[in-house]
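What follows is a set of notes on a single structure, which appears directly below.
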Amino acid sequence: MREADAERALARFWRDLHALVGNSMSAALAAALRSVLGQLMRTVLGVRASGSGRGGGKDKEEGADADEVQRARSELLQLVESLRDVGLAGERFQILFAELLDGITVDYIRQTYAGVWEPNEDDAWSRIRTSARVRIQPRCVRELSVWVEDHCARLAVEVTGRLGGGLQVSWTDLEKWKEIATGRLAALRIDELFDIVVSWPSSEGGVDDLRYAITTPQRRLQLTDAFSNTLQKRLLHPGRSTLDILRTYIAMIRTFHKLDHSRVLLDRVAYSLQMYLCTREDTVRIIVTGLLANRDEVDSEARKTKLVELVELLFQDPGRNGFARPDEEWEDLDWVPPPVDAGSNYKRRKSEDVIGTLIGALGSPEVFIKEFQGIIGERLLSEKKTFEQEVDVLDLLKKRFGESSLQACDVMIKDIQDSARLDGVIHRGAVNHPDKVDRVWTIHARILSRLYWPEVGEERFALPAEVEEMQKMYETIFERLKPSRKMKWLNHLGQATVELELEDRTVIERVHTYEAAVIDAFGEGGAPSWSFDDLWMKLEMDEDLLTAALGFWVQKRVLRRLANNTYAVIERLSDVEQQQPPPSSLVGSAEAGASGGEGAGTVTATTPLRAKPPGMSEKEREKRQVYWQFIVGMLTNSSPTMPLSQIAMMMKMLMADGFPWSSEELQEFLGEKVADGELEIVGGKYKLVKK
C-alpha cells in the first residue's frame, strides 16, 4: 500500500479497535466502577454517602484523616490511569465521572447548608450594600464557590490531566461549575422555603441565598410553583386554624418582600391563600381583633389567641407597615424597570405593607370596614372607660380608606361620649321630675344613633313593671331634651344586677335583661313555681330565649326543674338532694352591648363549671359531645345562624346512626350551651359566640 493509504487504514483500524474496547464495558463492570469511584471521590472531597448525616465537607476540614484522603486520592488517580491504559477512559467514563461529581456536590450542599439560614448581617461585606440592585454573594454562596474551586475543580483537573486526549479544564468551565452549584443550592432553598417563611426573621440568610440565585424567569417560576404546592399540602387545609394561616401569611409578606421587592413572586403564590382565607368566616374578625389588641398583650398569653403581630406592626412604623398611600413612581429615586415576568397590570410598591396586604386579601374594603364597625361597636358598649386604642386605630385606617368610609365609626364613638354626658343630664332631670318614680333611680342607658350602628336584631319580652316605669320616665325626659328624636329600647342586649334574698343565702349576679325578667317572675308578687308554658305566656318571650334563661338559673342553683317541665325556687340548698358535690367555679368573661335597658357592658361573673347531669352514663356524655361537634361544624361551615328546626333537620340528615332526640330534647341541649356561653340567640336563631 502506498504510505498515505496505509496511514489512513491504520487510523481506521485503531479507531474501530478503541470503539470496540471503549463500548465493551458490561453493566456489572459499570456498576462496580460507579461504586468504587463514588466511594473514593467522596473520601477525597470529604462528603458522606447520602442519608448518613450532615456536615460532610466541614468534617473533612475540621478533623478528617489527611493520610486517608491522600491514600484515596492516589488510588483514584491510579485507577484512572489503568482505565486509560486499557482503553476504558473514553466518553462513557467521562460521563460517569461528571454524574458522580454532580451527585456528590448535591449531597455536600444538603449536608452542609440544609437549615443553615443565619442572617448575613454580621459579615463586613453586607454593610456596604446600598441598593437592591447590588448583587453581593451571601455567605453560603461564597463558601460553596470556594469549595467548588478548591476541591471539585482540583479533582477534575487531576483526573482529566491523566485521561490525555487534550482534555483541559478552563476558567470558563470553573465558572460554569460554580453556577451549577449555586443552582443546586437554590433548589435546596426552594425545598426549604416554607420552613424559611415560618422561621422568619431568623431565616434571613436563606432568603439572601435565594435572592442571589433566583435570577431567571424559569427559576422564579420554579420557585412559585413549588411553594404553591407546599402551601396546599402544609397550610391550606381544615387542620390549620385561621390564626396559623394569617401568621404564615404575614411571614410570607415579609419574606417575599425581602426576596423580591417587585412583589411579583408574592402576588403569584398568595392568590390561593387569599382565596382560602375568604372561605374562613373568622378571618376578618381575627385581623380586626389583632389591630385592636392592647400593646401589653404582645408578650403575653394573648399571643396564642390573637394576631398581636398586627398591633406590633401598627405602632412600629405606620407608614411602612400598611397605612401609607401607594408609592408614586416619579418620587422613587431607586426606580428600576418591572421584572420581565410581571403582568400587564403590574404596579410596583416599595413598602412592605403587611397590614395593607392583609386587608387587600379580604377582597372589597367594605367587608373589612363592616367587621371593624361590628367589633368596635362591641368594645364601645363594654365597661371600658376610655377608648384611646380604638381612636388611634381608627385614625390610621382613615389614612388608608378615607374619612367618608369610616364616618359611621366616628359617629359611634361620638355617641358613646355624648351618651355618658346625656345620661347624667337625664338623671338630674329625673330627680326634679314631677312624676318621678317612688324608688331608687337605677337605670342607665347607652343612647345610640340607629342609622350608624350595626344591626343587632330585636327580641321582645315583658319587663318587670318597675323597670318599665323607669324606662318611660327616662324616655320622657330624653324626648324633652331631644324633641326631634324617639327612643327604642333593645332590652335583650341590656344587663342588670340582680340581688336574690333566699332563706339560706344571698345571690348577686350581673345578668342579661331577659334572665333578670325570668327570675323576677319568681319573686315577690310572682309565683314560687312556674310551668314553662305559663311562664312563656306571661313574659311573651321567645322559647329559645326563655330556655336559655331558665337554664342559666338552674345552673346557678337558684331554680330546679320538676316534673311536667315546671321550675321552682330553691330556697334552701339542703332541701335539694345532691347526688354530686357542687361544681367548682371559675372566673369567665362575656361581652355584651346594649342601646337601651339597664346598662350595658362587659361582665366578669363567677360561672360554675357544668357538672355531668345525674344518671348520665359515660357513653351518653360522649354521644352529646359528638352531637355538639356536628352543631359547631354546621354553624361554622354551613350557615352562621340557624333556627331550631333547621338544626334538627340537618342533624337527622347528617348523623350516620340517626338522631334520636326530639325537638324538645335538642332545644334543652342548646339551652345548656347558651347558658354555658357557647351559643347565643339572635332573632330566634342560634349562633356561635365569637371569642
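Quick note: the coordinates plus some simple rules give every number you see, no bench work behind them. Remember, it's a predicted structure, so these values are computed and weren't measured experimentally. No Cβ is skipped: glycine too gets one built from the backbone with ideal geometry, and neighbour counts run over all protein chains shown.
Give me, ordered by chain and number, the residues 5 or more places off Lys384 or on other chains with an amide H under 5 Å from its own placed amide H.
Thr602
Counting other beta carbons within 10 Å of each residue's own, what order do Thr305, Thr386 fall into, fewest first? Working shown, then result.
On the way: Thr305 14, Thr386 7.
Neighbour counts put them in this order, fewest first: Thr386, Thr305.
Of Lys304/Lys619; Lys233/Lys399; Lys304/Lys673; Lys482/Lys538, which sit over 31 Å apart, Cα to Cα?
Lys304/Lys619; Lys233/Lys399; Lys482/Lys538
According to a simple spin-label model (label point 7 Å from Cα along Cα-to-Cβ), what is the distance in nm between Asn565 and Arg240?
It is 4.8 nm.
If neighbour count is taken as other Cβ atoms inside 10 Å, put Met655, Met25 in order from fewest to most. Numbers along the way, then the final one.
Numbers: Met655 14, Met25 17.
Least to most surrounded, the residues fall as Met655, Met25.
Please sort 178-190, 413-425, 274-286 by packing, taking for each peptide the average over its residues of neighbouring beta carbons within 10 angstrom, highest first. Each step should come with its number before you reach the end.
On the way: 178-190: 20.2, 413-425: 14.8, 274-286: 17.9.
Descending packing order for the listed peptides: 178-190, 274-286, 413-425.
Per residue of region 275-287, what does 6.51 cos²θ - 1.76 cosθ + 1.60 with θ = phi - 60° give for ³J(HN,Hα)? Whole Hz please, x for Gly and Pro, Karplus curve as stated.
Running phi through 6.51 cos²θ - 1.76 cosθ + 1.60 with θ = phi - 60° gives 4, 5, 4, 5, 7, 8, 5, 8, 4, 5, 4, 5, 5 Hz.
What is the fewest-to-most order of Trp661, Trp489 by other Cβ atoms lying within 10 Å of their Cβ?
Numbers: Trp661 17, Trp489 21.
So the residues, fewest neighbours to most, are Trp661, Trp489.
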